[in-house]
Amino acid sequence: MASDETRTETRTEKRTGTSASTFPGESTAHEAQTPGTRAWTTWTTRLLLLGIVLAALNLRPAITSLGALLEEVRDGLGMSGSVAGLLTSVPPLCFAVFGVTAPRLARRFGPGAVVCAGMVAITAGLLIRPYAGGTAGFLAATALALMGIAVSNVLMPVIVKRFFPDRVGPMTGLYSMALAFGTSIAAAATVPVTNALGGHWQPGLAVWAALAAAAVLPWIPFVRPRKAPSTLSPAQDASGAADEAGAEPATARADRPTEQSAEQPPLRITRSRTAWALAVFFGLQATAAYITMGWMAQIFRDAGVSAGTAGLLLAVIMMMGVPLAFVIPRVATRLPHQGPIVLVLGVCGLAGYAGLYFAPAGGAWAWALLLGVSNCAFPLALTMVGMRARTGAGVAQLSAFAQSTGYLISIPGPLLVGVLYQHSGGWGLPIALMSALMVPQIVVGFLAGRDRTVEEEAAR
């Protein structure tokens, strides 16, 4: 009888997108039967939707707004090309360092509280960094904003899967669209907004703190006191970590005997060649993305394109992720091998880099479109994470491994581009480096796209 009631509650949770073990104060399946509770659930669902969209809008403007004004920031702070390269390497470094803390923080304080704190950190960092008074202060304030982005970046998919388990696809599409939209709007609007505010780069960067401040408000109702840290065994604590990382509730897993249980040993992910291939693929595509966000506007400006047009070109590159974030995952899940998609994206990237090398200004819009298609390796990588693991716990473990390892791999790329630009006096060598990195990205992408699971490989 008890198990029947548990299964009934689980099915209700799946239909409503709620779980009894999520934020305190949320309704259970029995409470959801009352009209008052249904009204409360509808209100909180709408508020959560708004919070997810606003949070996603704020996950990239701190990076692309800086890319649009990088020349002015360098002149204003007296940065060398090498230091500017270090600045463009800060995002993946922060994502690698602070992103891994997000699940632990979510278990202690609740995911809503952590995302709310992340939005506060983004607001403070964006507001402080233009007026920090020097390169060191600028870097520190940027790191503060990126810390908020890092934890929110990790927890957004977790919240989507936990609260909308029957609408993961549409919600992930909405989240990805908002992220790409925020990225492109910041790239396109930063220069015109700066000109409207008097032409000074400080208010042109600080204005994006207003968008981050607006994202704080919907998350305030989800900041709830959490119970004291548990004294569970390591296996139980690992199971809880998987729940926070987006796995199904424990009651749902009880009905799935094929799922990895808390008593089973953790997956030895490092034994899987596919996991390593996916991690390197994730790292190389992230390298290309952060080089693009940090340097592409400057490449166009140095070729004679105006600052405003260069920002629009960067926005075009980022905006390509809005439609393709829906199309690529849908196509990828229908193919037994995702290698052909990897090849198409890689060829577009190589063609775009070749155009930048030979005619950066003459065909700027065509190169922006090609590089925008190539940049959509990110949603493909996320899709392959879900396809290369058989269990929910395996997906969570593979995602953590691929993203943390990948962001570490991506750190040197933007910095090396800055060093090459500084010492060569032009963009020939940096563009050659970007093109060269596209070749191993295609190779490891092919390996990661093979139809196999990390559980099978780790068990051998």
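Some notes on this structure:
- Note: relative contact order over region 99-216, using C-alpha pairs below 8 Å and six or more positions apart, is 34 percent.
- Annotation: residue 365 carries an accessible surface of approximately 130 Å², with a 1.4 Å probe and no ligand, DNA or RNA atoms counted.
- With the convex hull drawn around the C-alpha atoms of region 361-416, the volume per residue stands at 74 Å³.
- Ligands, DNA and RNA excluded, the heavy atoms of residue 200 present near 110 Å² of accessible surface to a 1.4 Å solvent probe.
- Farthest toward positive dipole pole in region 309-460 [+1 Lys/Arg, -1 Asp/Glu at C-beta], among 353, 440, 410: 440
- Order of exposure, largest accessible area first, which applies to 456, 71 with probe 1.4 Å: 456, 71
- Anisotropy class of region 323-459 from Cα gyration tensor, a/c 1.5 cut: prolate
The values are calculated or read from the model by the stated rules, or taken from the named source; none is laboratory data. Keep in mind the model is a prediction, meaning the values are calculated, not measured. No Cβ is skipped: glycine too gets one built from the backbone with ideal geometry, and neighbour counts run over all protein chains shown. Protein only, heavy atoms only, side chains kept; ligands, DNA and RNA dropped before computing areas. Shrake-Rupley method; radii C 1.70, N 1.55, O 1.52, S 1.80 Å.
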